[in-house]
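Engineer: I am attaching a structure below and will ask some questions about it afterwards.
Every read-out reported here was derived from the displayed coordinates using simple, explicitly stated rules and does not represent laboratory data. Computed from a prediction, not measured in an experiment: that's the story for all the values here. Here Cβ is always computed from backbone atoms with ideal geometry, including for glycine, and neighbour counts include all displayed protein chains.
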Amino acid sequence: MQLIPAVDLKGGRCVRLRQGRMEAETVYSDDPVAMAEQWVEQGASWLHIVDLDGAVDGEPRNLSAIERIIAHVSVPVQVGGGIRTRERIEQYLGLGAARVIIGTLAIERPALAAEVCQRFPNQIVVSIDARHGQVALKGWREHTALDYLQVAQQVESCHPAALIFTAIQRDGTLEGPDVSGLRALLGAVKLPVIVAGGIGQLAHIQTLLPLHQAGLAGMIVGKALYDGSIIFRDALALVQRG
């Protein structure tokens, strides 16, 4: 089980949003490289980097910061946010990203998603972002009536390395993950799943640990680490004890 700190970038700074709203931001650092290095120093074995501006615009907006993070940290990095073309995937992999996260592309261009998953095995992760079970696209700005379980099953045929499941209504709230939604997803697919959204205290992590047997491969934690409601070393020790 991986415990993965999130480094979300907006305007070149490290921020956290509440429920994905760009206007509801809290700035935590003007130096995202230093923030990323801090998590590595505390024992992180992966980092989760998202270009929030890119997710909305569909083009990289924090590329230089991402490039600097990848160059400075000693652990693998997965990168997402507005990655909607083959060329952009190749660009991030060329910078040294270990995995590239796609979301909108996987749903709007399934043939391309299947192609890149085949071309870059174990390097493509698909993000399933849902608000109350309905998938959102394009930086969570475009809402659909698509059921997240059906989308996940369709995406599974592309053979990505993993799925990231984010319950948008929980993201940034620290109120706990959507455990029932996660259980349903783990029952619907055989892919490894990484959960995000709402993890706010050690008790939430404890609740998720038994789901490792059902296919939960990791947890992404963001706001709780920055606010101090979770101390990364304590959380990591809990996960390592299993």
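Engineer: At 222 nm, what helix-only mean residue ellipticity would the chain give, in deg cm²/dmol to the nearest 500, using -39500 (n - 2.57) for each DSSP H run of four or more?
Structural biologist: Working: 11 runs with 92 residues, N = 242.
When only DSSP H runs of four or more count, the value is -10500 deg cm²/dmol.
Engineer: How do K10, K190 line up, fewest other C-beta atoms within 10 Å first? If you can, show how the numbers build up before the last one.
Structural biologist: Details: K10 23, K190 10.
The order, fewest Cβ neighbours first, is K190, K10.
Engineer: Now, a different point. Rounded to whole Hz and in sequence order, give me ³J(HN,Hα) for the stretch 87-103 from the Karplus expression 6.51 cos²θ - 1.76 cosθ + 1.60, θ = phi - 60°, writing x for Gly and Pro.
Structural biologist: 4, 5, 4, 4, 4, 5, 5, x, 6, x, 4, 6, 9, 10, 9, 10, x
Engineer: Check which residues have an amide H placed less than 5 Å from I128's amide H, if you skip close sequence neighbours.
Structural biologist: So I128 has HN proximity to I164, F165, T166.
Engineer: What's the center-to-center distance, using Cα atoms, between the stretch 179-242 and the stretch 71-149 in Å?
Structural biologist: 20 Å
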